[in-house]
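Since the structure comes first, as structure tokens, the remarks are kept for the end.
The values are calculated or read from the model by the stated rules, or taken from the named source; none is laboratory data. These numbers come from a predicted model, not from an experiment. Cβ placement follows ideal geometry from the backbone for every residue including glycine, while neighbour counts extend to all protein chains displayed. Remember, those area values only see protein heavy atoms, side chains included, never the ligands or the DNA or RNA. Shrake-Rupley method; radii C 1.70, N 1.55, O 1.52, S 1.80 Å.
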Amino acid sequence: MATVSANGAPEGALVGIATTGDMEIVFDTTDDTRKFANLKSNAKIALVVGGWVAGDERTLQCEGCADLPEGDELERLKEVYFGVFPEGRERQAWPGITYVRVRPTWLRYSDFTVAPPIISEATFGPN
């Protein structure tokens, strides 16, 4: 994932994500990270998913806006996240742990395992 620092520089990090059926993306982090500070001042975020396995050149690029859900929304998203990362339940005790939700505004799916490659884009309204 990539965020924008206060001085406009890009900053990236590898994060584990979970997704909902409503195209929400959720990950955890702590409030002492660069990504957290960046997202507090600028909610714009980009992610690239996939491309990990040799011979499986499929990726999803995502641009969107992040927020820090609270209350029932937070509990719902945490359950989605724990479904993918059960060990995340233990991290709830970490100081400053927080959960970030991303709502996509632009997606591009690319599949280079076929010829010709499949490339598909979608744009969504502001969140």
I'd like the orientation of helix 71-84 relative to the chain: the angle between its Cα long axis and the longest Cα principal axis, in ° from 0 to 90, rounded to 10. 50 degrees
I'd like the GluC sites (Glu not before Pro) in the stretch 40-100 restricted to DSSP loop residues with at most 12 other Cβ atoms within 10 Å, sorted by number. Glu70, Glu87
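At 0.36 nm per residue, and after removing the present C-alpha to C-alpha distance, how many nm does the segment from Thr19 to Glu73 gain when stretched out fully?
Details: separation 54, 0.36 × 54 = 19.44 nm, distance 1.38 nm.
Residue separation times 0.36 nm, minus the Cα-Cα distance, leaves 18.1 nm.
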Net charge contributed by nearby residues that have their C-beta within less than 12 Å of Ile97 (K/R +1, D/E -1): -1
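Please report the carbon-and-sulfur percent of the accessible area for the chain; probe 1.4 Å, protein heavy atoms only, DNA, RNA and ligands left out. Before the final figure, lay out the partial values.
Details: 4180 of 7550 Å².
So the carbon and sulfur contribution to the accessible surface is 55 percent.
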What nm distance separates the two modelled labels at Ala93 and Asp32, each placed 7 Å from Cα along Cα→Cβ? 1.8 nm
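Counting Lys and Arg as +1 and Asp and Glu as -1, what is the net charge of the other residues whose Cβ lies under 14 Å from the Cβ of Gly51?
Details: positive: Arg58, Arg108; negative: Asp56, Glu57, Asp111.
Cβ neighbours under 14 Å give a net charge of -1.
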What is the spread of the Cα atoms of the stretch 21-89 along each of their three principal axes, largest first, in whole Å? 41, 28, 24
When ligands, DNA and RNA are left out and all protein chains stay put, how many square angstrom of accessible area per residue does the chain have with a 1.4 Å probe? 59 Å²
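Return a whole-number percent for the relative contact order of the stretch 1-115, with Cα pairs under 8 Å and 6 or more residues apart as the contact set. Before the final figure, lay out each step's value.
Numbers: 198 pairs, mean separation 36.9, N = 115.
Computed value for the stretch 1-115: 32 percent relative contact order.
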Label-point separation (nm) for Val49 and Ser120, each offset 7 Å from Cα along Cα-to-Cβ? 1.4 nm
